[in-house]
Structures are given as structure tokens and as C-alpha cells.
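Undergrad: Here you go, one structure.
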Amino acid sequence: MRILIASSIDPEAIAKLREQHEVVCAFNASEEKFKSLIRDREVLICRSGVRISAALMSCAPALQLIIRAGSGTDNIDLDYVRRHGIRLERIPEPGAKAVAELTFALMLALARNLLNADRMLRQGHFAKHELSGYSLRGKVLGIIGAGNIGAFVGEMGAAWGMKVLGCVENPSPEVAAELAGKGIQLTDCDEVVAKADFLSLHVPLTNATRNMINAEVFSRMKSGSYLINLARGGVVDEAALHQALTEGKTLRGAALDVHQVEKEGHISPLAALPNVVLTPHIGAQTIEAQREIGGRILEIMDSMAAYKFVHETKPSPVSTKFFPARVESVLRATGRHCHFTETIELNLNAIKCFAF
Ligand code: MLT
């Protein structure tokens, strides 16, 4: 198939895709370049940071599949995708654990003043007595959005001896029981905000969540609390955050992995504050998570190839010698469409498939 990879993904997955597909990579392409490259593509693979707008997709009449190599879909015009019957595959699980781990890294960085400690020591200042921090144990961890990622964060918080409060939209008794089993007590959003020593955000960016953490929310937070955002930049009103950190009485510090503006060369006004830790949207950026996502991309492509083969191939014997073993198993799973006879052909353990 003809694939456009618009964001950097696991290099091994790209190499494997190239073995069977016609692949074009366009990382950081301009809008014009992107529009010209997508013109004949059947598959688009992307992460966050790439805007998949209706205008872009309307340049791609052959587009059948978008693989979102991660979780959030706020960068994709879902309405266009639905109306044009484009298949959308998300791969949320592998990145979730990595994001949860970074949430903890940032919480500790804030509570123990790690970045300032590092900077001081690099300048020769052994500031042991200026660097008293706070413990996590015994503190309240508040999770706004106790879904997939939020639940991992809550579970880790409970293991660190924190009291974990979380909120989700319309939780069923089953979800509440499952979260309780992980040490997360569900309550309403207002209580989470009011009681949290560490308030961690894990909601998708939607019209309902845009700027949901604003000046009014900061004024209701506990004195000496911290905000951690690994959800989406647009969920926090960053101007209000700046004000809360400089003039407010509640927030002690904030750590942001996601930002309202995410682009090379941009420096946030928050970067001037010593009680802020900033990272460039690296939540899911571990070798393991990206490798797992790469593996899932290959599986999705194989199932797509198998689906097309079964549904679009005329009922005649076809050699599938160029198909990898994974495709073979997917085809086998669709047993009512195919049966197989194994042959050896050109040193390849080829399978002949007769599609009915
Ligand atoms: C995600 O939504 O999965 C994360 O933001 C990671 C990414 O796509 O870069």
C-alpha cells in the first residue's frame, strides 16, 4: 500500500513497512509539502504535533486508513474522518505506561527541586541546605481523568503511599470498583481540585476540557499544591497558570510536558519561572513504548492487507509469497474466505491462497 509517515516512529517499524509497502516519510513538512505528498496515499501514520485537517484530507482521495501512533485524536478532524469512511486506528496502550512514569518523574522533580539542584551544582554551588523538598508519601494525589493513563498514575501513587483521589465522567459502578482495587477513590472534580497536593491532568483535549484548568480553578487549589500536565497544552490556561505561580497563593509549582504552543524555537513565558519544570511532549517517548507502537502499526497494516486481499481479490489462485507469516495467520483467521496449500517456491515458504 502507499503510506505516508508524518511523524517520527520506531525506525525498525519504518524499515519493515518499506519491505512490503511504498513508504514516504515527511517529518516536519510544511503544509504545502504535506498536501502534495498525501495526494496519492492510502495510509497516513501520525503522532501528535501534526494537524490532520479536513483541508489536508480532502487532498487525499485514496486515503483509507489513518494510524494514530498514540492516544490523542485532538489533531485530527474526526468529523471528516467519519463522513468519508476513513478507518482510524489508535494505539493508546503502549504510551500510557510511559506517560504515567514521566508523570512521576515530574512530580518528584517538583517536590524535590531536582532541576534547581542540578543547575546549582553545575555552577559549583553545593546548596544542600537551600534545597529542602517535600515527600510524596502521605500526600494527596488528585487525578483529573482517571482513564487509561490516569489509572496507571493513580496505581503508582498508591504504591508510593499517597492517598489517591480521581474523577472521571459518568463512572459506572464497575469502573469505580476497578479503580478502587487500584487504590483510587473516585469523587467529583471539585473535591479532587480542593484536596490535591499534586494535581495531575489526564483528560483528552475537547471543547469541554479546553482551558478547564483556569484562574478560578487555581484559586480553589490547596495552598502549597503542584500542577502536573501530561494531557494536552490546551487543557490549561497558561496565562492564568503564570499568574497563579507568580501572584497567587495556592500553587507552589508546575510541571508541563504538553504546551499551548509546541514548536521549535518557541520559548514559553513559564520558562522564566524557577518553580516550573518543562519538557517537550516526551511522555510516550521511551524506546520500549515506541517499539511496541511500531509492532502494533505492522499488525494493523497486515490486517489491512489481509482484509483488502480477501475482499478485493478475484476468486482465483494467488501466490502470497510476498506476504509475511503474520498476514498468513490473519488470512487463516478469516477461514470462511480462504483455504491454503503450502508450496515451496523460489526458496520461499510460499502459501497459495484461493480466495472465494
Ligand atoms: C499521544 O497522544 O499518544 C501522545 O501525545 C504521544 C504522541 O503522539 O506523541
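The values are calculated or read from the model by the stated rules, or taken from the named source; none is laboratory data. Remember, predicted model here, so these are calculated numbers, not experimental data. Backbone-built Cβ (ideal geometry, glycine too); neighbour counts: all protein chains shown.
Undergrad: If I ask for residues that are small (Gly, Ala, Ser) and assigned to a loop (DSSP other than H, G, I, E, B), which ones from the stretch 279-294 would you list?
TA: Gly283, Ala284
Undergrad: Where in the stretch 172-259 are the helices (runs of 4 or more DSSP H), entirely inside, with at least 3 residues that are free of Cβ contacts under 8 Å to residues at least 12 places away in the same chain and surrounded by fewer than 17 Cβ atoms within 10 Å (Cβ to Cβ)?
TA: Fully inside the stretch 172-259 and qualifying: 173-181.
Undergrad: Something else about it: Check Ile9 against each of (1) within 11 Å of the ligand (Cβ to nearest atom); (2) closer than 25 Å to Thr209 by Cα and name the one condition it does not meet.
TA: (2)
Undergrad: Could you look through the stretch 82-104, keep only residues that are more than 16 Å from the ligand (Cβ to nearest atom) and assigned to a helix (DSSP H, G or I), and pick out the one that is farthest from the chain's Cα centre (by Cα)?
TA: Applying the filter and picking the extreme gives Arg83.
Undergrad: I'm trying to understand the selection: among the residues of the stretch 135-159, which are part of a loop (DSSP other than H, G, I, E, B) and in contact (Cβ under 8 Å) with a residue 40 or more places away in the chain?
TA: Passing the criteria: Leu136, Lys139, Gly145, Ala146, Gly147.
Undergrad: Considering each of Arg68, Arg51 in turn, give the residue that is within 20 Å of Ala305 (Cα to Cα) and under 20 Å from the mean Cα position of the chain (by Cα).
TA: Just one listed residue meets the conditions, Arg68.
Undergrad: Also, I was wondering about something else. Let me spell it out: the conditions are (1) at negative phi; (2) part of a loop (DSSP other than H, G, I, E, B); (3) at pLDDT 95 or above, and Lys263 meets all of them except one. Which number is the exception?
TA: So the condition that Lys263 fails would be (3).
Undergrad: Mind checking which residues of the stretch 265-305 are without any contact (Cβ under 8 Å) to a residue 24 or more places away in the chain and within 16 Å of the ligand (Cβ to nearest atom)?
TA: Passing the criteria: Leu278, Pro280, Ile287.
Undergrad: Residue check, Thr73 against (1) within 16 Å of the ligand (Cβ to nearest atom); (2) outside the structural domain of Leu230 (by TED's automatic domain parsing); (3) in a helix (DSSP H, G or I); (4) of a type in the set (Ser, Thr, Tyr), all met but one. Which one?
TA: Every listed condition holds for Thr73 apart from (3).
Undergrad: Determine, yes or no, whether Leu56 is surrounded by 14 or more Cβ atoms within 10 Å (Cβ to Cβ) and assigned to a helix (DSSP H, G or I).
TA: Criteria met by Leu56.
Undergrad: Could you please tell me which pairs satisfy a Cβ distance under 6 Å, a separation of 6+ or placement on different chains, a first residue in the stretch 116-133 that is on the phi < 0 side of the Ramachandran plot, and a second residue that is surrounded by 13 or more Cβ atoms within 10 Å (Cβ to Cβ) and assigned to a loop (DSSP other than H, G, I, E, B)?
TA: Ala117/Leu131; Met120/Ala127; Leu131/Asn113; Gly133/Arg112; Gly133/Asn113
Undergrad: With respect to Leu78, determine if the residue is within 16 Å of the ligand (Cβ to nearest atom), of a type outside the set (D, E, K, R) and farther than 30 Å from Gly253 by Cα.
TA: yes
Undergrad: So which residues in the stretch 155-171 are surrounded by 12 or more Cβ atoms within 10 Å (Cβ to Cβ) and within 20 Å of Val217 (Cβ to Cβ)?
TA: Val164, Leu165, Gly166, Cys167, Val168
Undergrad: Now for a separate question. Using beta carbons and a limit of 7 Å, which pairs, at least six apart or on different chains, have the first residue in the stretch 1-13 and at positive phi and without any contact (Cβ under 8 Å) to a residue 40 or more places away in the chain and the second one surrounded by fewer than 19 Cβ atoms within 10 Å (Cβ to Cβ) and not small (Gly, Ala, Ser)?
TA: Note: no pairs meet the criteria.
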